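The values are calculated or read from the model by the stated rules, or taken from the named source; none is laboratory data. Worth saying up front: this structure is predicted, and the values here are computed from it rather than measured. When we count neighbours, we look across all protein chains shown, and the Cβ atoms used for this are built from the backbone with ideal geometry, even at glycine. Just the protein is used for accessible areas: all its heavy atoms, side chains included, with ligands, DNA and RNA removed. Shrake-Rupley method; radii C 1.70, N 1.55, O 1.52, S 1.80 Å.
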Amino acid sequence: MTSTPALTGTVVGVCAGRAAALTHGRRTVETAFVKTPIAGPVAIGPLGIAGDEHVYEDHGGPDMALLAYPVEHYDHWRSLGLELPDVGALGENLTVAGLRESDVHLGDVFSIGTTRVQVCQPRTPCYKLAARFGRKDMPMLVQDTGFTGYLLRVLQPGSIAAGDTVHLVERDDHGVTVAVAGRVVNVDRNDLATARRVL
């Protein structure tokens, strides 16, 4: 460990979703992508928010307990004509301010409310983004911009509420940001040197 930089952000909203049907082309997709805000302190356990459903076995679990998404990206998506709610628009549980993918490193540990969480990986965009927004190119747009958000594991269960401050409390010295990891995983897959750094 090196000395931990002073990095803080804010929780703009805490959201959860239930499985429901979305239309994707000619088929119906069952997904819990659409999230709604929850008022007051929300209990956070090892698997995230109780009642936040996951339809596919590759989603959720201890290493994907929560999805955080920077609210700073909302203006970009709105500039493309997308109508977004104030929070939870990209399927995230935590809409955050001040913590973009280029600010946050893999393995960073944050205290939020009475919880402690750790950054695991960038979100890999999938077709549910297309179903949610009615744009076939949405997964590629998220991938290419690097505006993916990032997945968190819960190290210390507790509660989180909108307005809570997010404090960085631990950081390893590898220097790999979520943005770098996302670029290698989603875009520049032949960048083997950086892929080795990420590993």
**Study point:** Stokes-Einstein D (µm²/s) once Rh is taken as the Kirkwood radius of region 134-199 over alpha-carbon pairs, at 4 °C in 1.567 mPa s
**Key:** 89
Review point. Using only helices, what value at 222 nm comes out for the chain when you add -39,500 (n - 2.57) per DSSP H run of length 4 or more and divide by the total residues, to the nearest 500 deg cm²/dmol?
Key: -5000 deg cm²/dmol
Study note, to complete from the structure: Once all protein chains are kept in place, His105 shows an accessible area at probe 1.4 Å, nearest 10 Å², of 30
Study note, to complete from the structure: Neighbours of Val198 by Cβ distance under 10 Å: Lys/Arg at +1, Asp/Glu at -1, summed charge +2
Point to revise | region 96-189: trypsin sites (Lys or Arg not before Pro) in DSSP loop, at most 16 other beta carbons within 10 Å | key: Arg135, Lys136, Arg189
Review point. Protein chains only, probe 1.4 Å: how do Asp52, Asp172 rank by accessible area, largest first?
Key: Asp172, Asp52
Check your understanding: For region 3-73, which GluC sites (Glu not before Pro) are both in a DSSP coil and crowded by at most 15 other Cβ atoms within 10 Å?
Key -> Glu53, Glu57
Check your understanding: ³J(HN,Hα) across region 168-184 via Karplus (A = 6.51, B = -1.76, C = 1.60, θ = phi - 60°), whole Hz, x for Gly/Pro?
Key -> 6, 10, 8, 8, 6, 9, 6, x, 8, 7, 4, 4, 5, 4, x, 4, 5
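What's the magnitude of the charge dipole for the chain around its Cα centre, counting Lys and Arg as +1 and Asp and Glu as -1 at the beta-carbon? Answer in Debye, nearest 20.
That gives the chain a dipole magnitude of about 460 debye.
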Review point. Quick one: accessible area per residue over region 55-199, 1.4 Å probe, rounded to a whole number of Å²?
Key: 44
Exercise for review: Keeping the other protein chains in place, figure out the carbon and sulfur percent of the accessible area of region 1-100, with a 1.4 Å probe.
Suggested key: 52
Check your understanding: Can you give the accessible area of Thr4 in Å² (nearest 10), computed on protein heavy atoms with a 1.4 Å probe?
Key -> 60
